[in-house]
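For reference, the structure discussed in these notes is given below.
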Amino acid sequence: MNSGDSSVNIALRHIKTGSVFLILFFYYMFIDSNNFLTYFFMNTKIISLTHIFTLGFLLMVIMGASYMLLPVALGVKIAFEKSFYYVYYAYIIALIVFIAGMHYFNPDLIALGGCLLFASVIIYNINIMTSLKKIRKWDYTSFGILFAYVYLFIGLLIGTYMALSFYFNIVGKYIFDSLMSHIYVMLAGFIIMLFMAISYRLLPMFYMTKTPKNFIWVTDLILLNAGIILIVISSIINGFYNLFGLGLFYAGSILLSAGIIVFCFEFFSLMNGRIKKKWDITTFYLYLGIIFLLAAVFMGNLILFLPERAIAENPGIYYAFGFIGLFGYAGMVIIGFLHKIFPFLISLKKFEKVKKGAYKGLIGNMQKKYMQYIDLILFAAAVPAASFSLLILDISLIKISSALLIAASVIFLINLFIMEKSA
Amino acid sequence: MMITKNDILENLKQIIDPELEVNIVDLGLIYNIKIDEQNKKAAVFMTLTSKGCPLSNVIKFEVEESLKKLEGIENAEVNIVWEPEWNYSMIKPEILKKLRKH
């Protein structure tokens, strides 16, 4: 890849790199599964593992896919296409430094990696924000995407503060509040908000569904935003140590849960009424993702309302909640959409190359269906298995389910290469 | 032999929308066709299912190539238009029925 590469190549590169990080994530989970038995809070090895997935896979793929999806969803061009090339390399270096810093608990590397990550992601964020300025007619999707990138910026600031706090040795009781804000802002504010906005735009295009009603959109935006804002305020006033702050956190969590449930309900309602009834691989992944998201909401509320003692005795519920919400939802939705996006990108790449006889056959013909469905079955079986094994903190089961997930993610990557070659 | 709009439409049926897996004619994407026999030119006025369609250049190119392959056409022009905006009611009813059945 070089700075003169087309946006298609750059997007493809991000997606393939992200898929390699996905394999690494499960490999790390397999090799270092004993870490789940140690104290979970601010466990730097767990932080390292989590960021291999969230930054290595999720954000990497989102950055690459936004090249293609934002113009599709919003009808605008990316403002500074070439910046993606520099961001890509800076981001990978930053990520490796950060992950190594967390794994070996080296505050210098954590701070350096954190600052480099901040710099590279902020360039990406500014690029997207500048692109959004070109939107002529703002609708709910545009607002949803705007909110998502504002939350990415806030989450990034909190994350960098935490990375620096290791260096300056100021990891104190406030770190718990910062961590909660970071998690909720990034996952609910950025990931769920972005996926909701993109889904509401892409579902009508891919499956000929109706567009969501304005009332649903407004309800979703209000509930999600109110929930996240209350949780952030709670953490600013050091909410876990006073009753008022704790109340805000509970209220925020409940509003957030309600927003997510409304989104899931709307997803089912749109998909059930779709014109294109055929089930393709993406449909299965999207349904799985939404089911896992609902499971995560259930577990999150269980954590809220279970007695503290019960949770202290079984911290596995945090891991199970995090895994099913992170990989179960976000991972499945991304993998599902990649089954649509990747063939499109390959077609475009081929078109750029030959400019004649450009596009032969259907996207579906490019995909090795049996491999895709084997992969789907593996993921569908392994995600609940891994969540359950994390819940009961059974190392053997964690290893077995991680091994299944390694196999599934390797098949996924192979499938991408096969698609690229056969195009 | 004179080329007709129907000949062009039949030819364009070979171009399939990759996502919906239906040809662009039955999808209702072709709005108008103008044939200039004297200059051996055909102009197609068509739309796409969405403004940000990532394959817009590919589909436009394929339509141009498809027109040029027709006997009696030397110049092809493809105009992408957005008015009226495409919607599902523009799909041929029997195709829509088929999509719903799957």
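What percent does the relative contact order of segment A:207-311 come to when contacts are Cα pairs within less than 8 Å and at least six residues apart? Relative contact order comes out at 33 percent.
Peptide B:86-95 is shielded by partner chain Cβ atoms: per residue, an average of 1 of them sit within 10 Å of its Cβ. Our summary gives segment B:1-47 a relative contact order of 28 percent, counting only alpha carbon pairs under 8 angstrom and 6 or more residues apart.
Full extension of the segment from A:I261 to A:I96, taken as 0.36 nm per residue of separation minus the current Cα-Cα distance, would add 55.8 nm.
Peptides A:242-248, B:16-22 ranked from most to least packed give B:16-22, A:242-248, packing being the mean of other C-beta atoms within 10 angstrom over each peptide's residues. In a shell of Cβ-Cβ distance under 13 Å around A:A382, excluding A:A382 itself, what net charge do Lys and Arg (+1) and Asp and Glu (-1) give? Taking every other residue near A:A382 into account, the sum is 0.
Computed from Cα positions, the angle between helix A:369-391 and the longest principal axis of chain A comes to roughly 0 degrees. Exposure proxy shown here: for A:F195, A:F388, the number of other Cβ atoms within 10 Å sets the order, fewest to most, as A:F388, A:F195. According to the Cα-based calculation, Rg over Rh for the protein assembly as shown is 1.00, with Rh computed by the Kirkwood formula. Between A:D32 and A:I392, the FRET efficiency estimated from the beta carbon spacing at R0 = 22 angstrom works out to 0.75. Once divided by 2.2 N^0.38 Å, the Cα radius of gyration of segment A:122-186 becomes 1.39.
For a label point 7 Å from the Cα of A:F80 along Cα→C-beta, name the residues of segment A:151-192 whose backbone N is under 17 Å from it. Residues A:153 qualify, since their backbone N sits under 17 Å from the label point. Using the Cβ-Cβ distance between A:I303 and B:E10 with R0 = 41 Å, the FRET efficiency computed as 1/(1 + (r/R0)^6) comes to roughly 0.05. Counting neighbouring Cβ atoms within 10 Å and putting the fewest first, the residues A:I128, B:I30, A:I398 line up as A:I128, B:I30, A:I398.
No lab work stands behind these numbers, since they all come straight from the coordinates. The structure displayed is predicted, hence computed values, not measured ones. When we count neighbours, we look across all protein chains shown, and the Cβ atoms used for this are built from the backbone with ideal geometry, even at glycine.
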